[in-house]
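Right, one structure below, let's go through it.
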Ligand SMILES: Nc1ncnc2c1ncn2[C@@H]1O[C@H](COP(=O)(O)OP(=O)(O)OP(=O)(O)O)[C@@H](O)[C@H]1O
């Protein structure tokens, strides 16, 4: 039996004036799953998210949250959503905890003290929650934003570029918490980004959007599959001998050749095999360099290199 999606976009279009900004997007997001919405700047990520949360009209098509139309049944649909669309506003002079209490009062349904403590734990802020937000790092503030979005136990969390402005440690931190929350709370997470590597680590599904069109949706498993092949440059001498040695068994893997190098699309295991074969046949190997993963190439091709 197919799982029921938490969020469903059905042939969604957005036109502003004569310009089509979102062109016929359909996708589903399931509970416990992180769906990455990946695309270069200006592709239409924020516009799609604004329509999902009812901040912008939909020109054509429909967006359902738990089967409630965002346009026709806004209050019911929105009650299931937690989101950080822009940087969350927090009171710097209040503690993290007092900020959460403040937001809990504004929630559509009663939020218990237990729930506040639960979300604090979920985002790993137990130790700092009584400190003033002014003393928090950006990563901690982002996590507090996550806690705020989770207060009313939503079933869909929508995050627009949640790692923007964070340093690598902060990115790792937020990424791990997003995965943890999705799995522990059986939450559907819809997260946008223009960073491929980040999406690969954070998501279960990745949809690539370009010029308002959804051009591919793949599970990360499939992505990793296509990523396991790399374009590798072997710097060798003498080149004629290397070509002879590698030609027969690996002919189909060779993608290019220069005066002192051979480029090949290979798996991880191939690299060691090829190196051994060359050395055993008296070819000197000076360097083995990974040029780019095939997935990165695919993404750059799709997006015209506009990361
Ligand atoms: N109000 C508007 N009027 C006209 N064009 C708009 C409007 N809002 C957005 N656009 C255009 O729609 C396209 C998509 O914008 P959007 O902000 O959704 O992209 P994005 O993928 O979120 O990019 P970014 O990562 O830069 O925010 C852009 O080309 C933008 O210029």
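The values are calculated or read from the model by the stated rules, or taken from the named source; none is laboratory data. Bear in mind that the values here come from a model prediction, so they are computed numbers and not experimental data. Because the Cβ atoms are built from the backbone with ideal geometry, glycine has one as well, and the counts that use them run over all protein chains shown.
Okay, residues lined up against (1) over 24 Å from residue 42 (Cβ atoms); (2) in contact (Cβ under 8 Å) with a residue 12 or more places away in the chain; (3) crowded, with 22+ Cβ neighbours inside 10 Å; (4) in contact with a strand residue (DSSP E or B) (Cβ under 9 Å, 6 or more places away or on another chain):
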| residue | (1), (2), (3), (4) |
| --- | --- |
| 182 | yes, yes, yes, yes |
| 188 | yes, yes, yes, yes |
| 199 | no, yes, yes, yes |
| 221 | yes, no, no, no |
- With 79, 104, 7 as the choices, which residue is closer than 22 Å to residue 214 by Cβ and more than 16 Å from the ligand (Cβ to nearest atom)? 7
- Query: If you go through segment 130-145 one residue at a time, how many are under 16 Å from residue 89 (Cα atoms) and either at pLDDT 90 or above or out of contact with any helix residue (DSSP H, G or I) (no Cβ under 9 Å at 6 or more places or on another chain) (or both)?
  - Reply: 7
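Per-residue answers, yes or no, for (1) closer than 30 Å to residue 210 by Cβ; (2) at pLDDT 85 or above:
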site	(1), (2)
247	no, no
259	no, yes
264	yes, yes
286	no, yes
294	yes, no
299	yes, no
- Task: Read through the list (1) under 14 Å from residue 32 (Cα atoms); (2) surrounded by fewer than 19 Cβ atoms within 10 Å (Cβ to Cβ), then give the number of the only condition that residue 247 fails.
- Result: (1)
- Item | Selected residue [at pLDDT below 95, under 28 Å from residue 142 (Cβ atoms) and assigned by TED's automatic domain parsing to the domain that holds residue 130] from 71, 89 | 89
- Query: Of all residues in segment 131-164, how many are farther than 17 Å from residue 176 by Cα and touching a residue at least 40 places away in the same chain (Cβ under 8 Å)?
  - Reply: 10
- Checking residue 206 against (1) surrounded by fewer than 22 Cβ atoms within 10 Å (Cβ to Cβ); (2) within 30 Å of residue 264 (Cβ to Cβ); (3) touching a strand residue (DSSP E or B) at 6+ places or on another chain (Cβ under 8 Å), which single condition isn't satisfied? (1)
- Got a sec? Which of 171, 116, 158 is surrounded by 21 or more Cβ atoms within 10 Å (Cβ to Cβ) and either at pLDDT 90 or above or closer than 28 Å to residue 10 by Cα (or both)? 158
- Note on the structure: Restricting attention to segment 11-65, the residues that are surrounded by 15 or more Cβ atoms within 10 Å (Cβ to Cβ) and either within 10 Å of the ligand (Cβ to nearest atom) or within 19 Å of residue 202 (Cβ to Cβ) (or both) number exactly 29
